[in-house]
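Quick notes on the structure that follows.
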Amino acid sequence: MPDVTLCGGTPSAAPAATALARRAKASWNYPAEWLERWTSALTIDPEVLTPDRSLVAVRDGQVVGVCVLGWQDGHASIEHLWVDSGQQRSGVGTALLRRALWLAARSGEGTVLIESDPFAEGFYQALGARRIGVTPAPMPGAPDRTLPRLELDVAARMPDPGFAIHEQVF
């Protein structure tokens, strides 16, 4: 399996990170109308891509994952965690989340909050997250749709991603 390089994000990575987020969300076969409504939410602003709060995963010269930490109401949160559909289940997401937890711990955080897509909840739970609630997220044709709210202990034991991780700035 080729190596993955985890890079601290920089504003120049925003177009590739945004394109990746849109492809990843579309891979779950959401209706086109929903994807259109999520355009803003799937846009990763250049100002959040800084080495102290974001990571970009690169494999074979291509951006295959992105993770952005945020802080809300005094708590760390995962604002974005996207993995290219062809790289899902390869350890890229685990490596990104594991490193994001390290960044949060370095900032003094004990837990990280996550508002997850329903399709990603199992990924987070497999890594130790627990559901603490839901957020209403109705969409056309799905008025009862909700998003899981999760909490993850930054000291939770994370499995080895199974490939070499190199760090550099993207």
Exercise for review: Using only alpha carbon pairs under 8 Å that are at least six residues apart, calculate the relative contact order of segment 1-84 and give it in whole percent.
Suggested key: 37
Study note, to complete from the structure: For Rg and Dmax of the Cα atoms in Å, with candidates [x] 15.2, 44; [y] 16.8, 51; [z] 17.8, 59, the value calculated from the shown model is option [x]
Point to revise | Sequence-separation-based contact order of the chain, relative, with Cα cut under 8 Å and 6+ spacing, percent | key: 27
Study note, to complete from the structure: Cβ-Cβ cut-off under 11 Å around residue 67, Lys and Arg +1, Asp and Glu -1: the net charge is +2
Revision key, fill the gap. So, relative contact order of segment 12-55 in percent, Cα under 8 Å, 6 or more apart, is 53
Check your understanding: Which order do peptides 114-123, 60-69, 132-141, 25-34 fall in by mean Cβ count within 10 Å, highest first?
Key -> 60-69, 114-123, 25-34, 132-141
**Study point:** Pair residue 10, residue 134: separation of 7 Å Cα→Cβ label points (nm)
**Key:** 4.3
Review point. Near the amide H of residue 65, under 5 Å away, which other amide H atoms are found, from residues 5 or more places off or on another chain, if H is placed in the peptide plane?
Key: 57, 84
Review point. Which far-off residues, 5 or more places away or on another chain, put their amide H under 5 Å from the one on residue 127, with H placed in the peptide plane?
Key: none
Exercise for review: Figure the gain on full extension for residue 27 and residue 153 (residue separation times 0.36 nm, minus the Cα-Cα span) and round it to one decimal in nm.
Suggested key: 42.5 nm
Check your understanding: With every protein chain present, what is the per residue accessible area of the chain (1.4 Å probe, Å²)?
Key -> 50
Revision key, fill the gap. Among 58, 11, 92, the residue whose Cα sits farthest towards the positive end of the charge dipole of segment 1-108, when +1 is placed on the Cβ of each Lys and Arg and -1 on the Cβ of each Asp and Glu, is 92
Point to revise | Unit charges on C-beta of K, R, D, E only; dipole of the chain, Debye | key: 280
Practice item. Can you tell me the FRET efficiency between residue 60 and residue 89 if r is taken as the Cβ-Cβ distance and R0 is 22 Å, rounded to the nearest 0.05? Key: 0.80
Review point. Residues with beta-carbon under 11 Å from that of residue 54, excluding residue 54: net charge, scoring Lys, Arg +1 and Asp, Glu -1?
Key: -2
Study note, to complete from the structure: Counting sequence-distant residues (5 or more places) and residues on other chains, those with an amide H built under 5 Å from that of residue 4 are 164, 166
Check your understanding: Between residue 37 and residue 50, what length comes free when the chain is fully extended (0.36 nm per residue of separation minus the Cα-Cα distance, one decimal in nm)?
Key -> 2.0 nm
Review point. How much mean residue ellipticity at 222 nm does the chain get from its helices, if each DSSP H run of length 4 or more adds -39500 (n - 2.57) and you divide by all residues, to the nearest 500 deg cm²/dmol?
Key: -7000 deg cm²/dmol
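The values are calculated or read from the model by the stated rules, or taken from the named source; none is laboratory data. This structure is a prediction, so every number in the text was calculated from the model and none was measured. Don't worry about glycine lacking a Cβ; one is built from the backbone with ideal geometry, like all the others, and counts go over all protein chains shown. Accessible surface areas use protein heavy atoms only, side chains included; no ligands, DNA or RNA. Shrake-Rupley method; radii C 1.70, N 1.55, O 1.52, S 1.80 Å.
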